[in-house]
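The values are calculated or read from the model by the stated rules, or taken from the named source; none is laboratory data. Since this is a predicted model, take the numbers as computed values, not measurements. Using ideal geometry, Cβ is built from the backbone for each residue, glycine included, and neighbour counts are taken over all protein chains shown. Quick note on the areas: whole protein, heavy atoms, side chains included, nothing else; ligands and nucleic acids left out. Shrake-Rupley method; radii C 1.70, N 1.55, O 1.52, S 1.80 Å.
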Amino acid sequence: MKKQGKVLSIFILTFLLSFQAIAQLQSPDDFLGYELGERWTPHHNVLNYVKHVAEESDYVTIHSYGKTFQQRELVYLIITSPDNHENIEEIRLNNLRLTGLESGNPTEYQKAIVWLSYNIHGNETSSSEAAMRTLHELVRPDHAEPKEWLENTVVIMDPMLNPDGRERYVNWFNQMLGVEVNPKPDAREHHEPWPGGRSNHYLFDLNRDWAWQVQKESQYRYKVYRQWFPHVHVDYHEQNYNAPYYFAPAAEPFHKAITDWQREFQTTIGENHMRYFDEENWLYFTRERFDLFYPSYGDTWPTFHGSIGMTYEMPGHSMAGLAIQKREGDILTLRQRLLQHHTTGMSTVEITSIHADRLIEEFRQFFEQSQYDPDSRYKTFVVNADNNPDKIYNLLSDLDRLKIKYGRAGVPASASGFDFSTGETGNVSFGEEDIIISAYQPQGNLVRVFFEPDPELTDSLTYDITSWEAHYRYGLDGYALERRFDPAGEVSASDFRNFEVSGPEEPYAYIVRWRSMDDARFLAQITSEGVKSRFSTVDFEIEGEEYERGTLIITRNNNPHIEDRFDEIIRDAAREHSRLLHGTSGGYVASGSDFGSANVRYIEKPEVAVLIGEGTASLNAGEIWHFFDYQLGYPATMLHTTYLMDADLGNYNVLVLPSGNYVNILTDEAIEKISAWTRDGGTLITFGQANSILASRDGFQIRQKMAETGEEEPTFDQLLEPYDERTRRTVSTRTPGSVFKVTLDNTHPLAYGYDEHYFSLKSDASAYYYLDSGVNVGTAREDAHRSGFAGYRAKEQLEHSLSFGVQQHGSGQVVYLTDNPLFRGFWKNGKLIVANAVFFKGN
C-alpha cells in the first residue's frame, strides 16, 4: 500500500505540474484574444507572444539579434528539450566541429538542427501567423509527440524576418478593410499600392540578399546562422492565390555543387508532407518552377552551407488578404493558409527527428568532402596582388565574413587555367604575393559557387540570374586553376588598408587618387562638410609621382571659408576611409596640367533628387536610395513621382530617374519639364527602362534596338511544333542575368577609375544603339558575352549596344545607364560609375 500511495502521489504531482504548465502557457488564440487567421497579428504582438512562450516554457529560449531600419526587433527562438537546453552550447560547438570550422572533436551531444524562417517577404503574411501556432504546438505540455522529436532535434525559429515590409502591408490592409472582409478579387483590399509590402525599408528583396548581405537584416541574420549551420532550413513564402501549395523536391536546374544526398532528402521531406496533404485532400505540386541555382535564396544559400535548403510556397500573397475567391469559386482564407504552413512546419521537424542520425552523418560528410576531395573542375582561384587594394580589401573582408580561408601563394608557379580578364584558358603564371583561395577547405562549396567562371546550367528555364562570379563583381584580375595550390603565406584584409599623409603640414593642395568607391566616399564626406574640390581631366606628374585622370585636387585657395578646419576635415576623412593623402607644396606639375588649368575642373556640390514612387520600379528605386544613404554616404532628396510637376527642380543640379514604366507620370508635359531643366544645366541620370521612355523623344539621343524578326519563313516542322516546346524556343531571346564584357572609354569622366574593360551584369536583353553624337562611354561589342545564360538571339541583340553613354543637352547632360550598376547592391565594381555620374558630370 505504501508503494501504491507513493506512485499515486507522483502521478498527482505530475498531473498538477502539467495542469499548472498548461494554465500558464497560453495558446496564440487565448493570448491574443482572437483566433489565428481572423485578423493579422502585428509585429509587436507576434513578439509579445513568442516572448510569452519563452517565459512560460522550459523548451524555449528567445534571443534578439538586431533591429530593422525602422527599429523593430529581430528575434530567433531555440526550441528543444530542457536537457538539450542545459547542453545547448556544447551541441552548437559540436555541430561546428563537424564542419571543420571549429577546432576539436565532437562529443556525444550531437543533435539534428532545423531552422524555420518566416515572412521574409512582408506581404506574404500567413507564415508569421503559422509560426505562432507551430511554436505552441511543439511545446504545449499536453502534446507528447513533439516532445519526442525535440529530444534529438533543435529547432531554431525566426518568426518574422522582414517586419518593416510586413507592417507596411498590414497597416495598409487594415485601412482598406470595411465592416466585412470582401473576397471579390476586384475589391481594393486585394490591390496594395506602390511599393507593396514585399520588400524591406529600403525596398530590397531580402530573399535575393542571403548571400550578398547588403541589407542589415541579412547581415544580422548571417551572424547567427554561421553560429549554428543547421542541417535543414525552410524558407516560407506565398505565391499566386490560385496556385496549389508547393514544397520540395525542387525543380531543375540544380546547381552542380548540390550533393546527391541533398537531392535525396528533399524528396524524403516532400513525401512526409504528402502524407498529411493527401489525408486532408489538399492540392500541392513539386519539382516545378522553383529551382536551386541562384545562390542568394533562402533555400540555395543554406544548401551551399551543407543544409537541406527548401522553399515552401503557400497560395495567397498580397492579393489574398484575409479571404479571396479563387478561380474555381472556393474561398481561400488566412486560416487555411496558416494551417498548411503550420502542417509543413510540423512535418519538417518530425521527419528531421526520424532521420536525425543520418542527417548529422551526411552533414559531416558534406564538409569532409569539401575539405579533402572537392567535386569541382577548378581547385584553386587566384587574385592578383597588383589589383586595386580597395577591391582586394572588399573581397577579403567578405571572405572573412563567410569563413572562407585564403593566403599568399608564397612561391611563384604556373598552371593551366582560366584567365578572368581575357576569358581564355591556357597556361597562366602567378607570383608569390598573389592571393590563393583553395577549394580544399570546409567552405569549399561556397568557394566553388562564388568563383567558378561559368556555372553549368542544366536547364535554361531558370528563375533568376545565372552569373555572379567574384572577380567580375569586385573588378579583379586573376585565374581559375584546375590544379590544387595551397596558400603558403599569410595575408589579411587589413594589409590592403593604409592611411598615410605625406607632404608639408599645411600644403598648397591635397591629392587623392580616384580608383574606387572608397575614394568616392571620401569625396562625399568632405563635400558634405563644406569642402570644395577639383578633379584632373588629364594624367599628370608632380613631386616625382604620377597620377591618373580623375585624381582629386583639394586646394587651400578654394576653401577660405573653412580655413581653420580645412586640414582637420581632409585628414579626418582620409583616416576614416584609409586614404593615401599627399600634400603638395605648390600647384606646378612636371607634366600634365597645373592646378589652375581649365583641365582641373571645379566640382560643383551635387544637389541630388531621385524620383521615387508610383511608376518607378521599386527595387531599382530602393537600390538608388540605399546607395546614397549607405554606400556613398551622400544626401539625396527622394522626390515622390506624384509631386514631380509641383516640385521646383531648380533646387537640384542632379536628377536620377530609376527604371520604371512611369505610367501617367512621365507625360509629355513632365518630360518637357525635365528636358528644360537639363538644358538649363542639370545632369539627368537615367536607369534601365527609363531610357526606353526617353528613346526617340525630342532632344534625347537614346534609341532602343528592336529584336530582329527578319528570319526565313518558318518550316512546316516549326509551324507544327508542340505547344509545350514553344516556351523553350522563346529562351533564345532572353538573358535572365549574365555577364558581358563592356569596353570603356576611360578618358571620359564617367569611366574614371576604371581600366579599359568592365564586366557588366545584364539582367535582360534590352539593347540600345550607340549614341550618334554623344559619348559612347561603355559598349558591348562582338563576342561580349562572358558568363551565365544568354540565348543566341539575345547575344546577337546585345552585340554593338550601349551600356553607358553621355550626351550634351543644352547646357546640361544626360547620363544613360542602360545596364544597372547598382543591381541588388552586390555588383560592387559598378558603383563607381554612379558616383562618377553624380560628382563629375556637369562639372
Report task. Can you pull the one-decimal nm distance between simple spin-label points at Q26 and R289, each 7 Å off the Cα toward Cβ? Result -> 3.8
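Would you mind calculating the gained length between R497 and Y792 on full extension (0.36 nm times residue separation, minus the Cα-Cα distance), in nm to one decimal?
Values: separation 295, 0.36 × 295 = 106.20 nm, distance 4.32 nm.
Contour length minus the Cα-Cα distance gives 101.9 nm.
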Query raised in the report: Which one of I511, A493, T527 is farthest out on the positive end of the charge dipole of the stretch 488-573, using unit charges on Cβ (Lys, Arg +1; Asp, Glu -1) and the Cα centre as origin?
Result: T527
**Report entry** Label-point separation, N240 to E89 (7 Å along Cα→Cβ), nm
**Finding:** 5.2
Query raised in the report: Taking the Cα atoms only, what angle lies between the long axis of helix 334-354 and the longest principal axis of the chain, rounded to 10 degrees?
Result: 80
**Report entry** Under-5 Å amide H pairs with E238, H placed in peptide plane, nonlocal only
**Finding:** M314
Query raised in the report: Under 28 Å from the Cα of K741, which lysines turn up, not counting those fewer than eight places away in the same chain?
Result: K256, K379, K391, K705, K762, K795, K828, K831, K841
Query raised in the report: In whole angstrom, how far apart do the alpha carbon centroids of the stretch 502-538 and the stretch 634-659 sit?
Result: 27
**Report entry** Hypothetical label at N171: residues of the stretch 321-339 whose amide nitrogen lies under 14 Å (7 Å Cα-Cβ projection)
**Finding:** none
Query raised in the report: Going by average Cβ neighbours within 10 Å, how do the peptides 512-523, 384-395 rank, with the highest at the top?
Result: 512-523, 384-395
Query raised in the report: Using θ = phi - 60° and the Karplus form 6.51 cos²θ - 1.76 cosθ + 1.60, what ³J(HN,Hα) does each residue of the stretch 369-386 get, whole Hz, x for Gly and Pro?
Result: 5, 4, 7, 10, 8, x, 9, 8, 5, 8, 9, 9, 10, 10, 10, 5, 5, 8
Requested in this report: Would you kindly derive the ³J(HN,Hα) couplings of the stretch 36-42 from the backbone phi angles with the Karplus curve 6.51 cos²θ - 1.76 cosθ + 1.60 (θ = phi - 60°), listing them in order in whole Hz, with x for Gly and Pro?
Outcome: 3, x, 6, 8, 6, 9, x
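State in Å² the accessible area per residue of the stretch 172-237; use a 1.4 Å probe, count heavy atoms of protein chains only, and round to the nearest integer. List each step's numbers first, then the result.
Values: 2410 Å² over 66 residues.
I get 37 Å² per residue for the stretch 172-237.
Might you report the magnitude of the Cβ-based charge dipole of the stretch 555-701 about its Cα centre, with Lys and Arg at +1 and Asp and Glu at -1, to the nearest 20 debye?
Numbers: 10 positive and 19 negative charges, 96 e Å.
I would put it at about 460 debye.
For E782 and A695, what is the calculated FRET efficiency with R₀ set at 25 Å and r taken between the beta-carbons, to the nearest 0.05? Intermediate values should be presented prior to the final figure.
Numbers: r = 24 Å, r/R0 = 0.95.
The formula returns an efficiency of 0.60 here.
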Report summary line: Once amide hydrogens are built 1.01 Å from N within the peptide plane, the residues lying 5 or more places from M638 or on another chain with amide H under 5 Å from its amide H are V610
Query raised in the report: For the chain, with only Lys/Arg (+1) and Asp/Glu (-1) charged at the beta-carbon, what is the dipole magnitude about the Cα centre, in debye rounded to 20?
Result: 880
Report summary line: For the D648, S597 Cβ pair and Förster radius 35 Å, calculated FRET efficiency rounded to 0.05 is 0.50
Report summary line: In the stretch 352-491, taking the dipole from +1 charges on Lys and Arg beta carbons and -1 charges on Asp and Glu beta carbons about the Cα centre, the listed residue (I354, F367, W468) farthest towards the positive end is I354
Query raised in the report: Using the beta-carbon distance between E576 and K51 and R0 = 30 Å, what value does 1/(1 + (r/R0)^6) give for FRET efficiency, to the nearest 0.05?
Result: 0.20
Query - Virtual paramagnetic centre 7 Å along Cα→Cβ of Y463, amide N under 15 Å, in the stretch 284-299 - result: 285-299
Query - Within the chain, helix-based [θ] at 222 nm, where runs of 4 or more DSSP H residues each add -39,500 (n - 2.57), nearest 500 - result: -10000 deg cm²/dmol
Report summary line: The extension gain from T637 to Y770, computed as 0.36 nm times the residue separation minus the Cα-Cα distance, is 44.7 nm
Query raised in the report: Which ³J(HN,Hα) values in Hz, rounded to whole numbers, follow from the phi angles of the stretch 145-152 under the Karplus curve 6.51 cos²θ - 1.76 cosθ + 1.60, where θ = phi - 60° and Gly and Pro get x?
Result: 4, x, 5, 5, 4, 6, 6, 10
Query - Protection proxy ranking, peptides 775-781, 827-833, 360-366, average beta carbon neighbours within 10 Å, highest first - result: 827-833, 775-781, 360-366
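For the stretch 260-315, give the magnitude of the charge dipole about the Cα centre (Cβ charges: +1 Lys/Arg, -1 Asp/Glu; no others), in debye to the nearest 20. Write out the running numbers ahead of the final one.
Working: 4 positive and 10 negative charges, 33 e Å.
Dipole size: approximately 160 debye.
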Query - Positive dipole terminus of the chain, leading residue within L744, I436, I156 (C-beta point charges) - result: I156
Report task. Quick one: grab the alpha carbon gyration tensor of the stretch 497-540, order the square roots of its eigenvalues as a ≥ b ≥ c, and give me rounded if a/c is under 1.5, else prolate or oblate depending on whether a/b is larger than b/c. Result -> rounded
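Based on the mean of other beta carbon atoms within 10 Å per residue, what is the order of 185-196, 656-667, most packed first?
Working: 185-196: 16.2, 656-667: 21.2.
Those peptides, ordered most packed to least, come out 656-667, 185-196.
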Report summary line: In nm, the gap between the two label points placed 7 Å beyond Cα toward Cβ at D539 and V179 is 8.0
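Probe of 1.4 angstrom, ligands and nucleic acids ignored: what's the accessible area per residue over the stretch 405-536, in square angstrom? Each step should come with its number before you reach the end.
Numbers: 4860 Å² over 132 residues.
Result: 37 Å² of accessible area for each residue.
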**Report entry** Amide hydrogen neighbours beyond the local backbone of Y284, cut-off 5 Å, H modeled
**Finding:** Y245
Requested in this report: Would you kindly state how much longer the chain becomes between K673 and E145 on full extension, computed as 0.36 nm times their sequence separation minus their alpha carbon distance, in nm to one decimal?
Outcome: 183.3 nm
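How large a share of the accessible area of the chain, in percent, is made up of carbon and sulfur atoms when the probe is 1.4 Å and the other protein chains stay in place? Could you put the intermediate results ahead of the total?
Working: 15490 of 33810 Å².
Carbon-and-sulfur percentage of accessible area, whole number: 46.
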